[in-house]
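Notes for the one structure printed next.
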Amino acid sequence: MSLSPQAMVNIAVQAAKDKKAQDLIVLDIAEISIIADYFVICSGRSNIQVQAIAENVQEALEKEGVTALRREGLREGTWVLLDYGDVIVHVFQEAERQFYKLERLWGDARVVEVPVNI
């Protein structure tokens, strides 16, 4: 069974929220990039929280049969990237997020409303 990109986003968002991710935003980049349909971007307060958020996202998607194609930064815990093909999840520590400013870099992307409770 394969999930739609939107279903993957919903699962990732809920898993991140479950670990108290902050400043969660979803960008629809399908119209402006071929690399993915969505970016899920959020922050954690520490290396441990960033790692916990990323691991929870991975576990939630794996329960649905979706495995990351690529995973970067989990050991360091400052910026974890989880690549699911159509959906890319970025979990930052706040300083890293401010430095890389993905929201500004992808400023032409449509911001998707994040459901309060999924």
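Overview of results
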{"quantity": "12 Å beta-carbon shell around Val50, net charge (K/R +1, D/E -1)", "calculated": "+1"}
{"quantity": "Rounded to 5, percent antiparallel among DSSP beta bridges of segment 5-107", "calculated": "65 percent"}
{"quantity": "Which of Glu96, Glu103, Glu64, Glu31 has the fewest Cβ neighbours within 10 Å, and the rest in rising order", "calculated": "Glu31, Glu64, Glu103, Glu96"}
{"quantity": "Residues Ile35, Ile53, Ile88, sorted so that the one with the fewest Cβ neighbours within 10 Å comes first", "calculated": "Ile35, Ile88, Ile53"}
{"quantity": "Rounded, prolate or oblate (a/c below 1.5 giving rounded, otherwise prolate when a/b exceeds b/c) for the chain by Cα gyration tensor", "calculated": "rounded"}
{"quantity": "Relative contact order (%) - segment 5-107, alpha-carbon pairs under 8 angstrom, separation at least six", "calculated": "27 percent"}
{"quantity": "Reachable lysines, given that their alpha-carbon falls under 18 Å from the alpha-carbon of Lys63 and they are not under 8 places away in the same chain", "calculated": "Lys17, Lys19"}
{"quantity": "Label-point separation, Lys101 to Gln14 (7 Å along Cα→Cβ), nm", "calculated": "3.5 nm"}
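A short reminder: the numbers here are calculations on the coordinates, not readings from a lab. Nothing here was measured: the structure is a model prediction, and the numbers come from that model. All Cβ positions, glycine included, derive from the backbone under ideal geometry; neighbour counts span all protein chains shown.
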